1. Filter segment 2-28 down to residues that are at pLDDT 95 or above and either aromatic (Phe, Trp, Tyr) or within 12 Å of the ligand (Cβ to nearest atom) (or both), then give me how many there are.
2. Can you tell me which residues in segment 178-195 are in contact (Cβ under 8 Å) with a residue 40 or more places away in the chain, surrounded by 23 or more Cβ atoms within 10 Å (Cβ to Cβ) and over 11 Å from the mean Cα position of the chain (by Cα)?
3. Considering only segment 13-44, state which residues are assigned to a loop (DSSP other than H, G, I, E, B) and farther than 21 Å from Ala141 by Cβ.
4. If we scan segment 205-218, do we find a residue that is in a loop (DSSP other than H, G, I, E, B), within 12 Å of the ligand (Cβ to nearest atom) and more than 17 Å from the chain's Cα centre (by Cα)?
5. Can you find even one residue in segment 53-68 that is among the hydroxyl-bearing types (Ser, Thr, Tyr), within 22 Å of Leu191 (Cβ to Cβ) and at pLDDT 95 or above?
6. Could you check, for segment 55-73, whether at least one of its residues is assigned by TED's automatic domain parsing to the domain that holds Val131 and touching a residue at least 60 places away in the same chain (Cβ under 8 Å)?
7. Could you please let me know if Val240 is in contact with a strand residue (DSSP E or B) (Cβ under 9 Å, 6 or more places away or on another chain), in the same structural domain as Thr75 (by TED's automatic domain parsing) and of a type in the set (A, V, I, L, M)?
8. When you check Ile17 against the structure, is it farther than 21 Å from Asp108 by Cβ and in contact (Cβ under 8 Å) with a residue 24 or more places away in the chain, yes or no?
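The values are calculated or read from the model by the stated rules, or taken from the named source; none is laboratory data. The model shown is predicted, which means the values in this text are computed figures rather than measured ones. Positions of Cβ are generated from backbone atoms using ideal geometry, with glycine treated the same way; all protein chains shown enter the neighbour counts.
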Amino acid sequence: MLKTPLCDLFGIEVPIILAPMGTCTSAELAAAVSNAGGLGGIGSLFRTSAAIKRDIDVVKKLTNRHFAINHIPQTLDADAFRCTLEARPAVISFALGDPGDLVRQAHDVGSLVMLQVTTVAQATQAAERGVDVIIAQGGEAGGYCGEVSTMALVPQVVDAVSPIPVVAAGGIFDGRGIAAALMLGASGVNLGTRFIATKEAPAPDTWKQAIVEAQSEDAIKADVLNDISPLPGTAGFGTVLRSLHTDFLDEWTAKRDEARRERDRLRNEIVSTTQAGRPDATLLTAGQTAGGIKDIPQVAEIMRRLVAETEAALRKAADLSVAV
Ligand SMILES: Cc1cc2nc3c(=O)[nH]c(=O)nc-3n(C[C@H](O)[C@H](O)[C@H](O)COP(=O)(O)O)c2cc1C
């Protein structure tokens, strides 16, 4: 059975976390992951507090297992955060910036705190803030990400913050990746793109299909998005969104000065196409993992597969050390 100290800390069966993706989140997806033994997560980035409140109410009806609620310090919606504190989830997670006093507020209601970082310096600061778990997110990741790869970042963060448990994110789409993350010293993994391509994910089919058809090199860093919308990318942890190519990104990447001048119009275009269920017209957020994702199964099937593949990879690794 695949089990690490993170399982006991979070009260979960397997150390697999659903990334709380602000633009692809629902109570139903979170509950599906939690019910399959992992840690489901609800995202809040770019969402109304009413939508977040609805998810908090619904997820509690769909699962009696633990889940996380995610907030971005730089864009914090005070009302949504108050609802999160009232819900007292097992885990409150943060990303893209220093959570400062939010850590204490989360601890005061009995929640554990997890922060996603992209550098060793951010991880060290997080440890000083008193967070319980640190996600080391490599630059391969979908969503807003940094420069350093998962392979280089995870062991350095593990060394810098030990004994705080570290979770690896970015570049992981199957059990071999999970086994590798555990070998680097991680206690668990945080997966985003793999879970977008599932039946339960609240994403339009065009987005799911684009992931299945993409090569890893199609997942580019969309610097122009920070010209259009500096928050949360440029602010906070200085990250850039990773998305699959779209005509919109290709066009405006070629004329970034103009994009800065037209930022309000372009931001509205992103919001309206996303709300209309046409993300392919502007942004198809995904990580380099897209190249390895070939199907759109149910969450339970993905979870079963990830666990079986990880166990097989770990057994194979043990055999290697016996052979030498
Ligand atoms: C569509 C999308 C939206 C994301 N939104 C958030 C978010 O709101 N909060 C957060 O902490 N991480 C977010 N992430 C990043 C994930 O937490 C995670 O680090 C990343 O998905 C890992 O890389 P992978 O997608 O290759 O698995 C997002 C990722 C994706 C793909």
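1. So the count comes out to 9.
2. Passing the criteria: Ile178, Ala186, Gly188.
3. Hits for segment 13-44 are Glu13, Ala36, Gly37.
4. yes
5. Checked segment 53-68: at least one residue is among the hydroxyl-bearing types (Ser, Thr, Tyr), within 22 Å of Leu191 (Cβ to Cβ) and at pLDDT 95 or above.
6. yes
7. Criteria not met by Val240.
8. The answer is yes for Ile17.
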